[in-house]
Amino acid sequence: MTAGRVAGEARAATANVTAAMASDSYPIWWRGIDVPPPAAWTYMFESFTGDDTGDEWALAAAIFIAQTRRRTRLGPTFAELFIHLMPERNGLPAPFTGEMEFIERRRAIAAFRGHVTIDWRCRGLISFDKGVTRSLRVGRVFRELSRRRQVARLAGAPSPGNRMSDAVATNREERETRTQATRRAQTTES
């Protein structure tokens, strides 16, 4: 081997490692794509999953899922759900740049939608089976809220206001308690 060939291989390896490190700094739903995610996608992901607005988006998704299941007996697809939530851009937060390949676009869309719905499933408002088409359904928290509303309606009580905020607040408190307990356990182990 010549010294030039060894140096060239080292430069190529360094470039590969640098590219891999750059893509690792991208959000988890954008990993494996060489170009950085558009700001609108990052903003929308934060809106869908953030502590301030995530519960409202998850509730909107659960209501759409319940309506679709009532009407068709099947859950909506992920694409139908996100088209309902973002109709102005056909279910995408923003258009893609021209420098992305088709497979990268498909990967980005699937990962974005998948990670958002996983967050909503953790909140208990929706549920689904991995790899099963049309398996979206409402979650435990949404069902509990619906039962309470039905019981109140049948009992002749005045229709409660938006009690979802109570269920969402309870759900948020439970998540915060679990997070604090996890942090305490990690601190204790250290």
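The values are calculated or read from the model by the stated rules, or taken from the named source; none is laboratory data. Just so it is clear, the structure is predicted and the values come from calculations on it, not from any experiment. Neighbour counts run over all protein chains shown; Cβ positions are idealised from the backbone, glycine included. Quick note on the areas: whole protein, heavy atoms, side chains included, nothing else; ligands and nucleic acids left out. Shrake-Rupley method; radii C 1.70, N 1.55, O 1.52, S 1.80 Å.
Summed over region 110-155, the residues that are open to solvent by 70 Å² or more (accessible area, probe 1.4 Å), farther than 17 Å from I63 by Cα and more than 18 Å from the chain's Cα centre (by Cα) give a count of 4.
Of all residues in region 49-78, those satisfying the criterion of being closer than 14 Å to F128 by Cβ, touching a helix residue (DSSP H, G or I) at 6+ places or on another chain (Cβ under 8 Å) and not in a helix (DSSP H, G or I) are L74, G75, P76. Return yes or no: is T117 in contact (Cβ under 8 Å) with a residue 24 or more places away in the chain and touching a Pro at 6+ places or on another chain (Cβ under 8 Å)? Criteria not met by T117.
When region 79-101 is filtered for residues that are modelled with pLDDT of 95 or more and aromatic (F, W, Y), only F82 remains. The lone criterion from (1) under 25 Å from T53 (Cβ atoms); (2) without any contact (Cβ under 8 Å) to a residue 60 or more places away in the chain left unmet by A108 is number (2).
Cβ-Cβ contacts under 8 Å between residues 6 or more apart (or on different chains), taken from a first residue in region 128-148 that is touching a residue at least 60 places away in the same chain (Cβ under 8 Å) and of a type in the set (S, T, Y) to a second residue that is in a loop (DSSP other than H, G, I, E, B) and open to solvent by 30 Å² or more (accessible area, probe 1.4 Å), are listed as S135/D129. The residues of region 58-93 that are without any contact (Cβ under 8 Å) to a residue 12 or more places away in the chain and either touching a His at 6+ places or on another chain (Cβ under 8 Å) or of a type outside the set (A, V, I, L, M, F, W, C) (or both), listed by number, are Q67, R70, R71, T72, R73, P87, E88, R89, N90. If the condition is being surrounded by 13 or more Cβ atoms within 10 Å (Cβ to Cβ) and either part of a helix (DSSP H, G or I) or under 11 Å from the mean Cα position of the chain (by Cα) (or both), then region 82-109 contributes F82, I83, H84, L85, R89, E104, R105, R107, A108, I109.
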